[in-house]
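Single-structure report; data block below.
The values are calculated or read from the model by the stated rules, or taken from the named source; none is laboratory data. Only a predicted model underlies this, so the values are computations on that prediction, with no experimental measurement involved. Because the Cβ atoms are built from the backbone with ideal geometry, glycine has one as well, and the counts that use them run over all protein chains shown.
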Amino acid sequence: MWKRSWFRWTVRCVALLLLATLSITFFYRWRGENELAEARKEFTEKVGPLDIEAYKPKPVREEDNGWTWLKAGAGAVVIFPDERPNLHALADTPASQWTKEQLDLAARLLDRNAPALTLLHRSIGAKMCNPDAALFNGEDLLPFIMASRMLAVDGRDALRQGDKDRFLGSAEALGVLASAMEGAPSAISALIGGASERLLIPVLWEAASAHTADASFIEQLKTLLPRVDLAKTWRSFVGHENATMLDLMARATDESGDDTKVGWLDQLRQWTLGDIDLAYILGMRAGDVEWASKPCGQRGDYPPAPPRPILLPLKGMWSAAEVFRGESRFNASGRMQATMALRQMTALGLEVREVGLESATYPPDLSAIPGAKVPDPFMGKPVTYSLNADRSATLTVPDAEALYKKITEGKGATVKFTWTLPPLSPALPAPGRARTRPG
């Protein structure tokens, strides 16, 4: 049979085809290994490590961890389902505007949850406040939302009654809860932490605007603002997601009972082209982080368009990449930026309020206030300031409210990005009270 020319040519063609297939396969595998190594390096430099172990909370002794008290206090909060909408309204409304019905509800809720509030206050002054591993394993986070609202209600009620110590305790505990969750490499935890901070900030506004406030009280309020870098949290969140994705892919075998099982065709594709696909995905996510680090107001048209389109279709184990990328992820970065912008505006407002209380007049502009010219993280513009005819002053994150409604699709609490400080009395300051501010 070998003497027949058609047979010899058939064998030669098959051999050449196999050789070409193997050559192409090994080329792609070699190229994929190199591209993946470069992509891993780029991702690690721009985002963070790709080892899932790097994102696990460090062990902290329970007796030293303020989270022990926050978790216990949140678990002890008792709010009936029909009370939740009313609790939401209480937490978002200044106590001076509470109706008779709201005052009665606040009294009932605070009396019922006095033990929970005591536990939450115990978190203050702890050596550390790190969420434990349970927070990343499907733990119900609703109690922490209820706890945040109860602390906000307690703080507002304390202001109404003139109980400064109770106010400072609840406001500080709310700040501790916000900071603990904002630093967690988990999207939902960090976003709930941001929501807690957005509850805290109007409470601080109410306290700073009270007629009984003085310069020393404003100094105390300054210490209550969370200091977690939410841009760093965003990078940690993306790094944690991708480390989780790689861990899922590493465990994607055809063993029976494995939820991540894939077929042999997808495994063959992964064996030949997987490294190239993965290199592209990691490069794409590193680009996402760079893009999402820009102020939301400067990213272009809404809805946001990612810098690089995802490779479609991604099949088998690679379909996990689609789960870790989407418009909601970019909106999450915007909500974090909005929280940072509110924090920045509040810090400036407290400085202005303190100057006004010391000198009996607000400054004509923010030129003497440190950090006033720094663009806010959300819109990318400096906070605007105006001194009004009635001796009040207004600070605003320009155009932020409209954009915030877009990225939240109008859901959730309304967030105000304008703070008007109350008018000052024209009385002269007490001798020796005025301070010189750095330029």
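Okay, here's what the table says:
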{"read-out": "Unmet criterion (only one of (1) polar (S, T, N, Q); (2) modelled with pLDDT of 60 or more; (3) more than 30 Å from S359 (Cα to Cα); (4) surrounded by 12 or more Cβ atoms within 10 Å (Cβ to Cβ)) for Q220", "value": "(3)"}
{"read-out": "All positions within the stretch 93-109 that are assigned to a helix (DSSP H, G or I) and closer than 18 Å to G162 by Cβ", "value": "A95, S96, Q97, L103, A106, A107"}
{"read-out": "Pick from the stretch 39-53, criterion aliphatic (A, V, I, L, M) and closer than 19 Å to A250 by Cα, ranking: surrounded by the most Cβ atoms within 10 Å (Cβ to Cβ)", "value": "A39"}
{"read-out": "Residue match in the stretch 69-87 (condition: of a type in the set (F, W, Y) and in a loop (DSSP other than H, G, I, E, B))", "value": "yes"}
{"read-out": "Where G193 falls short, out of the listed (1) buried (at least 22 other Cβ atoms within 10 Å of the Cβ); (2) closer than 30 Å to Y280 by Cα", "value": "(2)"}
{"read-out": "When residues of the stretch 91-109 are limited to those that are surrounded by 16 or more Cβ atoms within 10 Å (Cβ to Cβ) and of a type in the set (A, V, I, L, M), the one nearest to W69 (Cα to Cα)", "value": "L109"}
{"read-out": "Scope the stretch 161-190; condition β-branched (V, I, T) and surrounded by fewer than 20 Cβ atoms within 10 Å (Cβ to Cβ); matching residues", "value": "I188"}
{"read-out": "Filter pass, G283 being in contact with a helix residue (DSSP H, G or I) (Cβ under 6 Å, 6 or more places away or on another chain) and modelled with pLDDT of 80 or more", "value": "yes"}
{"read-out": "Residue in the stretch 372-393 that is under 27 Å from the mean Cα position of the chain (by Cα) and assigned to a helix (DSSP H, G or I) present", "value": "no"}
{"read-out": "Enumeration of residues in the stretch 110-128 that are under 24 Å from the mean Cα position of the chain (by Cα), in a loop (DSSP other than H, G, I, E, B) and over 23 Å from A95 (Cβ atoms)", "value": "S123, G125, A126, K127"}
{"read-out": "Which listed residue, of A213, A207, is within 27 Å of E351 (Cα to Cα), more than 19 Å from the chain's Cα centre (by Cα) and in contact (Cβ under 8 Å) with a residue 60 or more places away in the chain", "value": "A213"}
{"read-out": "Positions within the stretch 41-65 being out of contact with any Leu (no Cβ under 9 Å at 6 or more places or on another chain) and part of a helix (DSSP H, G or I), in sequence order", "value": "K41, E45, K46, E53, A54, Y55, E62, E63, D64"}
{"read-out": "Candidates L19, L117, L36, L70, filtered to the one that is buried (at least 17 other Cβ atoms within 10 Å of the Cβ) and outside the structural domain of A158 (by TED's automatic domain parsing)", "value": "L36"}
{"read-out": "Failed item in (1) over 15 Å from D275 (Cα atoms); (2) touching a residue at least 60 places away in the same chain (Cβ under 8 Å); (3) among the acidic types (D, E), with E53 passing the rest", "value": "(2)"}
{"read-out": "Some residue of the stretch 361-376 being crowded, with 16+ Cβ neighbours inside 10 Å and under 21 Å from A231 (Cα atoms)", "value": "yes"}
{"read-out": "Residue satisfying all of: in the stretch 152-170; of a type in the set (A, V, I, L, M, F, W, C) and touching a residue at least 40 places away in the same chain (Cβ under 8 Å); nearest to E197 (Cα to Cα) among these", "value": "A152"}
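A quick yes/no check of all residues on (1) modelled with pLDDT under 65; (2) within 22 Å of the chain's Cα centre (by Cα):
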| site | (1), (2) |
| --- | --- |
| N242 | no, yes |
| S256 | yes, no |
| G263 | yes, no |
| T272 | no, no |
| I276 | no, no |
| G287 | no, yes |
